[in-house]
Amino acid sequence: MAIERVGIVGAGQMGNGIAHVFALSGYDVLVTDITQDALDAGRATVERNLDRQVSREIISASDKDTALGRISTTLTLSDLGDTDLVIEAATERETVKTAIFEDLVPHLKPTTILTSNTSSISITRLAARTDRPEKFMGFHFMNPVPVMQLVELIRGIATDSETFETCLEVVENLGKTASTSEDFPAFIVNRILMPMINEAIYTLYEGVGSVKSIDTSMKLGANHPMGPLELADFIGLDTCLAIMNVLHDGLADTKYRPCPLLTKYVEAGWLGRKTKRGFYDYTQEIPVPTR
């Protein structure tokens, strides 16, 4: 199956990064979102990140201009009907994702592959809400998409071999590396990463260490490039909580119980970098721990 035109649902943090790498790799990209402001902000982010790559001599100015020329936007979801591959990159809520698929499916070509960038939700369950479970997969990029090399490919119970092989070829064309995961809650990366972040939050909650001491300990003691609380803020505390709830509900194991402090931060609207406040306060030039 030849993939030439790619549709992306969502122009946010993940969606604009996905658009960036596809356009730079020669694919025509059509991005949709619910507001023009979101589309404009997403395109501006792509341009800014391409400029950064030019300044670092990773790509040429000509590469940048060509990539930007391959990205178009629309407010009409049904416009994605003529694409060969659709990647849903909306918020990490199953009700939102299923509503998108139900609205989009009647407009798709019979051959279009439908995928989700979900970081934790059952691919089999999402696929069952469409007319093409055999052509449905998990296509999970890591954040930030232009930098991170891994893509998790997750087959639902009905995904056929042709769909998997086509998506695997796309990952290779993007210059990235695929890992194959079975369809269990949170797949591989977040199955391991999120409980570590949750445990770091418990360590803070129980007063074992401060934000600074926890992050410093993991950066210098485990050679992590970013401390777990800093990383949680980068990912988004609402996303971290959503994934922990998927793990807790899906595996019924108390070791996946979200830390009450994580829940409290999300209830307060302290979601990390995107709201300028989480485990750190980002309103100043140098982030300051909030606890």
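Any read-out appearing in this document is the output of simple, stated calculations on the displayed coordinates, not a laboratory observation. Bear in mind that the values here come from a model prediction, so they are computed numbers and not experimental data. We place every Cβ from the backbone using ideal geometry, glycine too, and count neighbours over all the protein chains shown.
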Cut-off under 21 Å on the C-alpha distance; same-chain residues fewer than 8 positions from residue 212 excluded. Which lysines are left, in chain and number order? 264, 274, 276
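Cβ under 12 Å from residue 131's Cβ, residue 131 left aside: what net charge do those residues give with Lys, Arg +1 and Asp, Glu -1?
+2
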Ratio of alpha-carbon Rg to the 2.2 N^0.38 Å globular estimate for the range 191-289, to two decimals, please. 1.02
I'd like the FRET efficiency for residue 44 and residue 149, computed as 1/(1 + (r/R0)^6) with the beta carbon distance as r and R0 of 30 Å, rounded to 0.05. 0.75
Between residue 288 and residue 253, the FRET efficiency computed from the C-beta separation at R0 = 41 Å comes out, to the nearest 0.05, as 0.70
Check cross-link reach from residue 64 to the lysines: straight Cα distance under 24 Å, and skip same-chain residues fewer than eight apart. 176
For the chain, what are the DSSP H helices with axial Cα length of 20 Å or more and mean Kyte-Doolittle hydropathy of at least 0.0? 189-205, 237-251
P(r) over all Cα-Cα pairs of the range 5-181, 5 Å bins from 0 to the longest distance, whole percent per bin, short to long, reads 1, 9, 19, 23, 22, 15, 7, 3, 1
Net charge over other residues, Cβ less than 14 angstrom from the Cβ of residue 176 (K, R count +1; D, E count -1): -3
Cα to Cα, under 23 Å, and not fewer than 8 places away if on the same chain: which lysines meet these conditions relative to residue 109? 97, 135
Cα gyration tensor shape for the range 13-58, rounded if a/c is under 1.5, else prolate or oblate: oblate
Average Cα contact separation per residue, the range 137-282, under 8 Å, 6 or more apart, as relative contact order %: 18
Quick calc: nm separation of the 7 Å Cα→Cβ label points for residue 2 and residue 125 -> 3.9
What relative contact order, as a whole-number percentage, does the range 52-176 give when Cα pairs under 8 Å and 6 or more residues apart are counted? 18
Take every DSSP beta bridge whose two residues both sit in the range 5-181, then give the antiparallel share in percent to the nearest 5. 15
extent check for the range 159-241: Cα max minus min per principal axis, descending, whole Å, gives 51, 24, 19
A student asked for the Cα radius of gyration and Dmax of the range 67-125 in angstrom ought to give 12.1, 36
Gain on full stretching of the segment that runs from residue 37 to residue 99 - 0.36 nm per residue minus C-alpha separation: 20.2 nm
